1. Quick one, what does Rg over Rh come out to for the stretch A:270-386 if you take C-alpha atoms and the Kirkwood Rh?
2. Please check chain B for the longest run free of trypsin sites (Lys or Arg not before Pro) that are loop-located per DSSP (anything but H, G, I, E, B) and have at most 12 other Cβ atoms within 10 Å.
3. Sticking to Cα atoms, compute the Rg of the stretch A:220-271 to one decimal and its Dmax as the biggest Cα-Cα distance, whole number, in Å.
4. Per residue, how big is the convex hull of the stretch B:151-289 when only Cα atoms are used? Give it in Å³.
5. Tell me, what is the Rg over Rh of the stretch A:321-377, with Rh the Kirkwood radius over Cα pairs?
6. Mind putting together the pair-distance distribution for the stretch A:141-208? All Cα pairs, 10 Å bins, whole percent per bin, short to long.
7. If the viscosity is 1.002 mPa s and the temperature 20 °C, what translational diffusion coefficient in µm²/s does Stokes-Einstein give for the stretch B:132-179 when Rh comes from Kirkwood over Cα pairs?
8. Using alpha carbon coordinates only, what is the Rg to Rh ratio of the stretch B:78-224, with Rh defined as the Kirkwood radius?
Amino acid sequence: MNLHEYQGKELFAKFGLPVSNNAVVTSPDDVLSACRDIGGDKWVVKAQVHAGGRGKAGGVKLVDSPEEAIEFANHWLGNRLVTYQTDSNGQLVSSILVEECTDISKELYLSAVIDRGSQRIVFIGSSEGGVNIEEVAEKTPEKIIYEPIDPLTGPLGFQARKISKVLGLDNEQSKQFSKMLSQLTKLFISYDLSLLEINPLVITQGGKLHCLDAKINIDSNAIYRQPEIQAMRDLSQEDPREAEAAKSDLSYVSLDGNIGCMVNGAGLAMGTMDTIKYFGGSPANFLDVGGTATQERVSKAFKLILADPEVKVVLVNIFGGIVRCDLIAEGILAAIEEVGVSIPVVVRLEGNNADIGSDILAKSNAAIESLNNLEEASKKAVELSR
Amino acid sequence: MSILVDKKTRLLVQGFTGSQATLHSEQSIEYGTNIVGGVTPGKGGQKHLDIPVFNSVHEAVEEVEPNASIIFVPAQFCKDSILEAADAGIKLIICITEGIPTLDMLIVKKKVDELDVTLIGPNCPGIITPGEAKLGIMPGSIHMKGSVGIISRSGTLTYEAVKQTSDLGLGQSTCIGIGGDPIPGTSFIDVLKMLEADDQTKAIVMVGEIGGTAEEEAAEYIKDNVSKPVISYIAGQTAPAGKRMGHAGAIIAGGKGTAANKIKKLKECGVHIAENLLQIGTKTKEVLG
C-alpha cells in the first residue's frame, strides 16, 4: 500500500524529521487561508497522487501569490494527473499540499528498502538528488552508498558517518544526519514499511538537512497491525478492479490483452499468462483464485474478469491438488450460471478426479470447452480470442 | 536416499486442531507420514486424529521426540511459532502460512540461522519425498519415487513439474517448495547443495519466477558447484513491471527481477531452460537422455 506525500510528511513530523510548514487542501476555497497560515510570500503547491514524476507533468508549482495557488487548485482538483509512472488515464487529484518555499543549496538522495540479498533494511544514499536514482546507479555507481542495518543493533554512529561522507555533509550536518538515520529506522520498523524514499533530501541555504519529499510504501502483509495506516488508505488511487479483488481476497492485476485468466496459484497464473503469449495470444489479467477454488470465489473471479470489456474468452486453469476436480467443475458451472457468463469459457482441469470433472463440464449445457491438456486449452483460448 | 525427510521423520504439527492443519494432517497420515504429535495452546492433553495434543512445542519434544515441525498457524502468530520450535531444538521447520510481515521474517531468519535450523517457507507447499513422507499440502497422488529433485518458489507450478516428470516415468527424489516471499527461510542455493550431494537425484528442476535475484545467484552457484544437470523454468515472462503478482516476492522493481534477465543469466551458467511450462518434463527427459 502507498501513502500520499502529505501523509508521509505527517509521519516524518511525528518522528521529529525536518519537513516544511504545510497545509493540505481539498477545495480551492481553503487555499488562501492555507497560504496565510503558512506565511511568507512564496509557496510550493503539489498535486497529491500515488505516482512519481509529478513535477515534469505540471503537478508541482512554485507560486508567488495566493491567487496563483488558487488557480493551480482550480485547475487540478477533481482532474487527473498523467505522469510517466501512471497509465494513460492518470490518477485523480483530490488534495493539494501547500508548502512554504525552501531555499535549496544542494539536493541529495536518501532511501531505505528491505534488501532481499542481505536480508536487512538497507539505506541507500547519494550525493545526486532530485534525479532518477537508477540512472545514477548505472552511470556513476561511486556516488551511491548501500548501508545495511543489523536488526540487533539498529543504525550505529559509524554508519551514519559513512553515509554522510558519500552525501558530502559537513560536521554539523553529519550530526544532524545521525539523528535522522535513527529516527527513520524507527519509523520504518514502527509502520512496517517496505520502502521509504526522500528525493530530494536537501541542504538548505542555512546549512540544515531538510526532507522535501516523502515517498512511503507499506508491506501489505502487515497492514492488519497498522490501524493508523489503514485509515490513510485512498482507494481513489487504486485500480478499481484490483481494489475490488483485494476485498474478496483474490489477487488480480489488469493487463491489456483479451483473454481472461482464472488460475489457482500465483506461479501457475503467471505460467498460464506466459503460455497464452507463447501461442500468440494476449492475457487480459493475472488472477489467482486461491488454492480452494470454491463456487463463491470462482463467481467473484468471473465477475472481475467480465468487468473488463476487452475480454473475449476466459481460460480457467485449475490444478486441483487437495480439492477434487469434480467439486471444482460443479463450482465452475454454478458460478457461470450465477454470473450469467455469455462469452466462451475454456477450462483445463488437472489433478484429483480430473476426468470426472471434465465429464461434468462436457455434459453441461454451458458454452464450455473442457480440455485436460494445458497446451490444447491455451491454443483453443487463443483461437477464440481472435 | 533423499534429502531432509524420509520414513524416519517424526513430525509435529503446530496449530494442529485448526481446519487446514486437520485436513492436511489426515492426507499426510494417509500418505504414510509419521505424525507423532500436535500443538495447540490450551488444548494440551486431548487427542486429535488419535494423536496427542500438547500446549507447547517444548512439552511435545519432551514426550514424543519430534525431529521436524510443520506450521499452520495464522500469519500474525508465525514469528512466535517458528521461534518456539527453534527454541525447543527442532532443526527442520516447515511454515505453510502465507502473509507473514516481512519485518517479522527479517528477525526470524536471523534467529534460525543462528540456531542452525532449516526453515522451509513461509508461503510454501512444503516438502515431499515420494514413497517416504509428505510434510505439506501438495497432492500426494501425482508424485512418483524417482530421480528428479524439484525446487520451486510456487505451489501449483511445482505440481505441474511433478506431474510432467511422473507422466514421463522419471519420478522425483525430493520436492521442496521454498515459498513465494521476499525473505524465504531456505534459498535455492541451500537446496541445490543438498540435491547435488544426494545419490538418488540425477537431475534438478528449478522453478523460479520474477522478482529479486535468487535465480541469478543460484545460476552463479550452479556454474561452480553443481555437476548434475539443472533444468529451469521462470514464470512471469509476460508480467508488467511494478505490480505484485500474487506472491509478495513476485514483483519487478526498479527494472530488476525480470524473467528475461534471469533466463539470460541461467543460460550463461549452463542451465537448461524450459521456455514454456509445458516443456519442463520433456526438457528434463531430453537432458537425462
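1. On the way: Rg = 12.8 Å, Rh = 14.0 Å.
Radius of gyration over Kirkwood radius for the stretch A:270-386 works out to 0.92.
2. On the way: sites that count: B:LYS7, B:LYS8.
Longest stretch, sites excluded: B:9-289.
3. Just the Cα atoms of the stretch A:220-271 yield Rg and Dmax of 13.5, 39 Å.
4. On the way: hull volume 13.1 nm³, N = 139.
Convex hull volume per residue, Cα atoms: 94 Å³.
5. Values: Rg = 10.7 Å, Rh = 11.3 Å.
Rg/Rh: 0.94.
6. Per 10 Å bin, starting at 0, the Cα pair percentages come out as 17, 53, 28, 2.
7. Details: Rh = 10.5 Å.
Diffusion coefficient, whole number: 204 µm²/s.
8. Values: Rg = 14.8 Å, Rh = 15.5 Å.
Reported Rg/Rh (Cα atoms, Kirkwood Rh): 0.96.
The values are calculated or read from the model by the stated rules, or taken from the named source; none is laboratory data. A quick note: this is a predicted structure, and the numbers were derived from the prediction, not measured. We place every Cβ from the backbone using ideal geometry, glycine too, and count neighbours over all the protein chains shown. Surface accessibility is based on the protein's heavy atoms, side chains included, excluding ligands, DNA and RNA. Shrake-Rupley method; radii C 1.70, N 1.55, O 1.52, S 1.80 Å.
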